[in-house]
Amino acid sequence: MTQAFEFKSNGKFIVKVDDYTVKIQPKGFSNFINKGGSKGEKSIPIKSISAIQFKEPGLTTGYIQFAYSGSNETKGGTSAAIKDENSITFFKRELKKAKELIKLIEMKRHESSFPSITSQSAADEILKMKKLMDAGILTKEEFEAKKKQLLNI
């Protein structure tokens, strides 16, 4: 299930989060200028996110910056975050929404670091099917078909 968050400061951002990715889509003239033209939607795999930097809005806008292997993490505070394609900015009135976004992504990061019960069950089922094939109860074709089904191939 995909959840969308919309932020409207220093330009507009639409951030979509599903089980596997965070997609950042900058919109508007301000982002066109600040981010160096229209670059479209940025897709970051959740399992590759190594850190999330968060700054609450105060005198300046707040921001959320995503760091991952191969990204260039800016260290210039809010002014650098405005130009960074891996960052979104937000106003004080959007603080609650920003915290919800971070909480959701952290939850997804945590989930992706553990093997799912389904994959363990699929592995167990494949082992059972292999034993049935070795015993001559299933043909190799039946085993391969069931294995593909269990692995969603």
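Note on D134: accessible area is roughly 100 Å² with a 1.4 Å probe, heavy atoms of protein only. Largest accessible area first, the listed residues R109, R93 line up as R93, R109 when surface is computed with a 1.4 Å probe on the assembled protein chains. Cβ-Cβ distance of K130 and K47, R₀ of 41 Å, FRET efficiency by 1/(1 + (r/R0)^6): the value works out to about 0.90. Pairs exceeding a 32 Å alpha-carbon distance, out of K12/K47; K108/K146; K42/K128; K12/K108; K23/K130: K42/K128; K23/K130.
Take the Cα of K8, step 7 Å toward its Cβ, do the same at T139, and the gap between the two points is 6.3 nm. Counting only heavy atoms of the protein chains and using a 1.4 Å probe, F54 has close to 70 Å² of accessible surface.
The values are calculated or read from the model by the stated rules, or taken from the named source; none is laboratory data. Owing to the predicted nature of the structure, the values given are computational and were not obtained by experimental measurement. We place every Cβ from the backbone using ideal geometry, glycine too, and count neighbours over all the protein chains shown. The protein model used for the area step is the full one, side chains on, heavy atoms only, and it has no ligands, DNA or RNA in it. Shrake-Rupley method; radii C 1.70, N 1.55, O 1.52, S 1.80 Å.
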